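All remarks here apply to the structure that follows.
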Amino acid sequence: MDGPIRVLHVVVNMNRGGAETLIMNLYRNIDRSKIQFDFLTCKEGVFDQEILDLGGKIHKIPYITDRGHFHYIKNLNQFFKVNKHYKIVHSHMDKMSGFVLEAAKKAGIQVRIAHSHNTQSEGGFAAKLYKEYAGINIGKSATHYLACSNSAAKWLFKSKANSSKLLKNGIDTEKFTFSKKIRDKIRNELGVEERLVLGNVGRFNHQKNHSFLIDIFSELNMVEPKAYLVLVGDGALRPDIEEKVKRLGLEDKVKFLGVRSDINSLLQAFDFFVFPSFHEGLPVTLIEAQGAGLPCLISENITKEVDMGINLVKFLPINKKNIWVEEIVGVLNKKVSRNIPHEALSQKGYDIKNTANFIHDFYMENAR
């Protein structure tokens, strides 16, 4: 065989979302002398330069929202016609993977992987209907099915969920191990040295339910006036959340940090990770937070598979903010240790080395 197997990953862009973070974790830890990652994207992303530095190639076509359905399908078909040398196409587009894998099948690409990272589509009624239409093609065009959780597999693959394999959202566990030195440094930089700090990492979109998070924090502030809320990420709804914070008079106590590359350090500075999403597949950020020994208060809509079994996760209803506040106050009084068992995540299969070995063997076996 001449050179490494080149696997084409298909995403909208390579920004700091959960799926994209997993892909980059895999890319950094896989044996690149045997397997190389290339990418088909639609927009620039923050990981683009690192991908090029690691030896990957980045192809781009306009997305549906830029040029419309027929133009997108035409570009997909044309791309795979020209690039039929790929043995493996790995699509991370949830239901939209149907269009990607249908085009790859037409071009004769032998291994076509659909990967589920969620449990629900985003968007309004028309958008969800369109995605349902796209998703019909997954069963007809995919040769393999991967998912971050069993619930994510059942949502995207339906009757074929039993044919799927779990690819766990592994992290570099050593990077997230609790460090008081890093905690003190970051808290000093944020100006929250002696404060109670709640944190959240996620895109500002409907799924992440930031508005409810602000409601929780507003109520908490009445009983814990020294509390701060740190929000990491960006997105279309950020201006709306910023406006709500101002309206409630909390602008001095809520910090918007934008997109950050030092999530492992920021997690050390938090006292709680608060994550009231409407739905999730199995968020990488919740694995990272547990790796940092953080108490995690999360939506009961999130799969129980995310709990690493180290008594850090509490599932709560997203229609009763008072319960969240009571839980925060209750955990505060317990003074939970941040030092988790060293092998806690790796025993559950969430160390990136385990995940990278799994996907390496999976690609090698199916590319023969």
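Is it the case, given these coordinates, that Val284 is surrounded by 23 or more Cβ atoms within 10 Å (Cβ to Cβ), at pLDDT 95 or above, in contact with a helix residue (DSSP H, G or I) (Cβ under 6 Å, 6 or more places away or on another chain) and β-branched (Val, Ile, Thr)? Write out each step before concluding.
Numbers: surrounded by 23 or more Cβ atoms within 10 Å (Cβ to Cβ): yes; at pLDDT 95 or above: no; in contact with a helix residue (DSSP H, G or I) (Cβ under 6 Å, 6 or more places away or on another chain): yes; β-branched (Val, Ile, Thr): yes.
Spelling it out, it is not the case that Val284 is surrounded by 23 or more Cβ atoms within 10 Å (Cβ to Cβ), at pLDDT 95 or above, in contact with a helix residue (DSSP H, G or I) (Cβ under 6 Å, 6 or more places away or on another chain) and β-branched (Val, Ile, Thr).
Looking only at the range 155-165, how many residues end up being surrounded by fewer than 21 Cβ atoms within 10 Å (Cβ to Cβ) and touching a residue at least 24 places away in the same chain (Cβ under 8 Å)?
Going residue by residue through the range 155-165, those that are surrounded by fewer than 21 Cβ atoms within 10 Å (Cβ to Cβ) are 158-163, 165.
Next cut, touching a residue at least 24 places away in the same chain (Cβ under 8 Å) only: 165.
Here the count works out to 1.
Being among the charged types (D, E, K, R), out of contact with any helix residue (DSSP H, G or I) (no Cβ under 8 Å at 6 or more places or on another chain) and on the phi > 0 side of the Ramachandran plot narrows it down to one residue among Lys348, Lys335, Lys304; which is it?
On the way: Lys348 fails: on the phi > 0 side of the Ramachandran plot; Lys304 fails: on the phi > 0 side of the Ramachandran plot.
Checking each option against the conditions leaves just Lys335.
Can Asn188 be described as in contact (Cβ under 8 Å) with a residue 60 or more places away in the chain and not acidic (Asp, Glu)? Even if it seems obvious, please write down each step before you answer.
Details: in contact (Cβ under 8 Å) with a residue 60 or more places away in the chain: no; not acidic (Asp, Glu): yes.
For Asn188, the condition - in contact (Cβ under 8 Å) with a residue 60 or more places away in the chain and not acidic (Asp, Glu) - is not met.
Of all residues in the range 4-40, those that are of a type in the set (Gly, Ala, Ser) and open to solvent by 40 Å² or more (accessible area, probe 1.4 Å) total 1. Ile182 satisfies every condition listed in (1) open to solvent by less than 60 Å² (accessible area, probe 1.4 Å); (2) farther than 16 Å from Phe273 by Cα; (3) touching a residue at least 60 places away in the same chain (Cβ under 8 Å) except (1).
Taken as a whole, the condition of being modelled with pLDDT under 95 and open to solvent by 80 Å² or more (accessible area, probe 1.4 Å) does not apply to Glu189. Condition check for Lys43 on (1) open to solvent by less than 60 Å² (accessible area, probe 1.4 Å); (2) at pLDDT below 95: one failure, at (1).
For the range 165-275, give me every one of the helices (runs of 4 or more DSSP H) that falls completely inside it and has 3 or more residues that are out of contact with any helix residue (DSSP H, G or I) (no Cβ under 9 Å at 6 or more places or on another chain). Write out each step before concluding.
Numbers: elements: 173-176, 180-190, 210-223, 238-247, 263-269.
Because the criterion is at least 3 residues that are out of contact with any helix residue (DSSP H, G or I) (no Cβ under 9 Å at 6 or more places or on another chain), the helices (runs of 4 or more DSSP H) in the range 165-275 that meet it are 238-247.
Of the residues making up the range 123-147, just one is open to solvent by less than 10 Å² (accessible area, probe 1.4 Å) and among the polar types (S, T, N, Q), namely Ser141.
Within the range 289-316, can you find the residues that are of a type in the set (Gly, Ala, Ser) and over 15 Å from Gly349 (Cβ atoms)?
Ala289, Ala292, Gly293, Ser299
Select the strands (runs of 3 or more DSSP E) contained entirely in the range 51-122, then report the ones holding at least 2 residues which are closer than 18 Å to Ser164 by Cα and open to solvent by less than 20 Å² (accessible area, probe 1.4 Å). Before you say what the answer is, go through the steps one by one.
Working: elements: 58-60, 88-91, 111-116.
Where strands (runs of 3 or more DSSP E) fall fully within the range 51-122 and carry at least 2 residues being closer than 18 Å to Ser164 by Cα and open to solvent by less than 20 Å² (accessible area, probe 1.4 Å), they are 88-91, 111-116.
If the condition is being more than 22 Å from the chain's Cα centre (by Cα), aliphatic (A, V, I, L, M) and closer than 20 Å to Ser97 by Cα, then the range 24-63 contributes only Ile61.
Here's the yes/no breakdown for (1) under 23 Å from Met364 (Cα atoms); (2) touching a His at 6+ places or on another chain (Cβ under 7 Å):
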| site | (1), (2) |
| --- | --- |
| Asp94 | no, yes |
| His117 | yes, yes |
| Lys128 | no, no |
| Tyr133 | no, no |
| His144 | yes, no |
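The values are calculated or read from the model by the stated rules, or taken from the named source; none is laboratory data. Please read these numbers as outputs of a predicted model, since none were measured by experiment. Cβ atoms come from the backbone with ideal geometry, glycine included; neighbour counts cover every protein chain shown. Quick note on the areas: whole protein, heavy atoms, side chains included, nothing else; ligands and nucleic acids left out. Shrake-Rupley method; radii C 1.70, N 1.55, O 1.52, S 1.80 Å.
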